[in-house]
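The values are calculated or read from the model by the stated rules, or taken from the named source; none is laboratory data. Remember, predicted model here, so these are calculated numbers, not experimental data. Every residue, glycine among them, receives a Cβ derived from its backbone with ideal geometry; neighbour counts consider all protein chains shown.
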Amino acid sequence: MDENDCGSSMNTSDGRFKNSNGEDLSYKSSPEIDHDEMNDVKNNIGEEFRSIYEITSDEINHLEFDTLDQACNFYETYARCKGFAVRKDDVQRDVNNNIKMRQLVCNKAGLRDKKYLTMLDRKKPHRPITRTNCEARFRVHLDYKTSKWIVTSFVEHHNHFLCPSKYVHLFPAYRALNDADKAQIDILHAQGVRTCHIMGYMVAQKGGYDKVGFTKKDLYNYLDTQKHVKIEDGDARAALSYLQGKADNDPMLFCKYGVGTDGKLKHLFWADGASIVDFQCFGDVLAFDTTYKKNK
């Protein structure tokens, strides 16, 4: 990865950094944190990781990093320990288009534009408002004399409640299926293991839901994406797109399909909410009529 790009991964080559006084404040980046309670976190994440959890604002303001990746990884790790997520904000580049300043902010920074709340032609209700104009931020500049990334601005205060440690792993920013997970999931799914059982196996293997790194919904979305990749474009894709549109407006809709060895849609079954309710009331007969609308 280019050192001028902030990666979402929390792993670095050595994960070591020093403050301006030369004191070693190295950390070991790890996504697996005991999320039972805050006190348990401090006792279980290890001495090196605890240095980030207990680091003071003054110490952060005097930190130096060898690369931009290390700076970004540090603040992401700090945010995870404290109970919030971060996102990229301002960036400045030099004449060669290399990054010379990067700012990361709390994911609740800023406010939603009012025009998105007053749209007259909105087809769906707007998503819940999550931004609170939080001013917490972390900014680093490249010192050309030393080739170090130095902290030039750090705001610790948040204007909202922070997430309890046992729920931090549910932040979208901290959820992802890595390549090893995907490979294992693909093998289990190819052998006919049901998706819910795959999730249970992964949870048992890693020692808890907070250690897995993704949710059941993420798993279903991944497998659904894999099916779409295997199905060739054409009527099959149009049918699945149609059902996806119906599912957005009908939470009771049920759909199941399979893909043949030639990569084409093999079978498809679906029932909308009205059909399911009717079957629950008159469950003796299930009729299929593919020409109903034409004959009507």
Could you go through region 178-192 and let me know if any residue there is under 25 Å from VAL168 (Cβ atoms), charged (D, E, K, R) and in contact with a Lys or Arg (Cβ under 7 Å, 6 or more places away or on another chain).
no
Of those in region 128-165 that are assigned to a loop (DSSP other than H, G, I, E, B) and aromatic (Phe, Trp, Tyr), the residue nearest to PHE65 (Cα to Cα) is TYR144
Scanning region 100-151 residue by residue, those among the polar types (S, T, N, Q) and in contact with a Leu (Cβ under 6 Å, 6 or more places away or on another chain) turn out to be ASN133
If we keep only residues of region 171-181 that are assigned to a helix (DSSP H, G or I) and surrounded by 14 or more Cβ atoms within 10 Å (Cβ to Cβ), then the residue farthest from the chain's Cα centre (by Cα) is ASP181
Of ASN98, ASN133, the only residue that is modelled with pLDDT of 85 or more, at positive phi and out of contact with any helix residue (DSSP H, G or I) (no Cβ under 8 Å at 6 or more places or on another chain) is ASN133
By residue number, the members of region 89-124 that are of a type in the set (S, T, N, Q), in a loop (DSSP other than H, G, I, E, B) and closer than 26 Å to TYR174 by Cβ are ASN107
When region 136-157 is checked residue by residue, the ones that are within 20 Å of VAL95 (Cα to Cα) and in contact with a helix residue (DSSP H, G or I) (Cβ under 7 Å, 6 or more places away or on another chain) are VAL140, TRP149
Here the qualifying pairs (Cβ atoms under 9 Å; residues six or more apart or on different chains; first in region 113-132 and surrounded by 10 or more Cβ atoms within 10 Å (Cβ to Cβ); second outside any loop (DSSP other than H, G, I, E, B) and not polar (S, T, N, Q)) come out as ARG122/TYR116; HIS126/TYR116; THR132/CYS106
